[in-house]
C-alpha cells in the first residue's frame, strides 16, 4: 500500500511520503526540487517581510533594482510559465504597474509555488518527458520536454533568491537565512 504525500511547513514533504527503498525517479526528484523551491522562497520571503518597508523598496543595483522588484519578477515569471503550461495566455496580473503590499506578494508567491508542487505530485512519471509547445514573450514558438521547463523554472527561482541575498548583504542586513538545497535536505522537518 503506497503512502500518501504529507505536506508540513512551507510545503516541504515529510520523509515518510517517500519510500526510502524506491528507486529514485524523475518524479521524486522533481517533488523534492519543487518542495525545496517552495521552502527556500518562503524562508527568504519571511525574513524580508520582517524588515522595514523602506528596506523592501530600497533601490540596489541588480537585475531588478531591489527586493520588492525582484520578488515581483519571480511572481510574474512563475505565473507566466504556469499559464503557458496550462494552455492559457500570459496573465498581466503581476505587471510592473500593479502595486502590492509585500505580505500580498508573499501570499501570491506561496500560492504559485504550492500550485507547482500540487501539480508535480499529480502528474505521472511519463508526463515529464512530454513535449510542450509554447511561445516566449516575444511570440517565438518553442517545443521542449516538460522536465527541461520545470528545471528552468526552479533554477530561475534559485538564481533570483541568490540576488535577493546579495541585495540583503548590500543593505547591511544581518541574519540572512541559508537557503541551499543541502540545508533543506538536513531540515529536521524533512528528516523526521
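The values are calculated or read from the model by the stated rules, or taken from the named source; none is laboratory data. Keep in mind the model is a prediction, meaning the values are calculated, not measured. Reconstructed Cβ throughout: ideal geometry from the backbone, glycine too, with neighbour counts over all protein chains shown.
Rundown of residues vs (1) within 27 Å of residue 143 (Cα to Cα); (2) under 16 Å from the mean Cα position of the chain (by Cα); (3) in a helix (DSSP H, G or I); (4) modelled with pLDDT of 95 or more, yes/no style:
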| residue | (1), (2), (3), (4) |
| --- | --- |
| 29 | yes, yes, yes, no |
| 33 | yes, yes, yes, no |
| 56 | no, no, yes, no |
| 59 | no, no, no, no |
| 62 | no, no, no, no |
| 76 | yes, yes, yes, no |
| 96 | no, no, no, no |
| 99 | no, no, no, no |
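For residue 134, indicate whether it is closer than 30 Å to residue 175 by Cα, without any contact (Cβ under 8 Å) to a residue 60 or more places away in the chain and surrounded by 15 or more Cβ atoms within 10 Å (Cβ to Cβ).
In short, no.
Among 107, 179, which is the only one that is without any contact (Cβ under 8 Å) to a residue 24 or more places away in the chain, closer than 21 Å to residue 47 by Cβ, under 19 Å from the mean Cα position of the chain (by Cα) and surrounded by 13 or more Cβ atoms within 10 Å (Cβ to Cβ)?
107
Taking the conditions exactly as written (part of a loop (DSSP other than H, G, I, E, B) and without any contact (Cβ under 8 Å) to a residue 12 or more places away in the chain), does residue 162 satisfy them or not?
Numbers: part of a loop (DSSP other than H, G, I, E, B): no; without any contact (Cβ under 8 Å) to a residue 12 or more places away in the chain: yes.
In short, no.
Quickly run through the stretch 137-176 and pick out the residues that are under 16 Å from residue 64 (Cβ atoms), in contact with a helix residue (DSSP H, G or I) (Cβ under 8 Å, 6 or more places away or on another chain) and surrounded by 14 or more Cβ atoms within 10 Å (Cβ to Cβ).
Those that are under 16 Å from residue 64 (Cβ atoms), in contact with a helix residue (DSSP H, G or I) (Cβ under 8 Å, 6 or more places away or on another chain) and surrounded by 14 or more Cβ atoms within 10 Å (Cβ to Cβ): 156, 157, 158, 160, 161, 163, 164, 165, 167, 168, 171.
Do the conditions hold for residue 167, that is, is it over 20 Å from residue 35 (Cα atoms), touching a residue at least 40 places away in the same chain (Cβ under 8 Å) and out of contact with any strand residue (DSSP E or B) (no Cβ under 9 Å at 6 or more places or on another chain)?
yes
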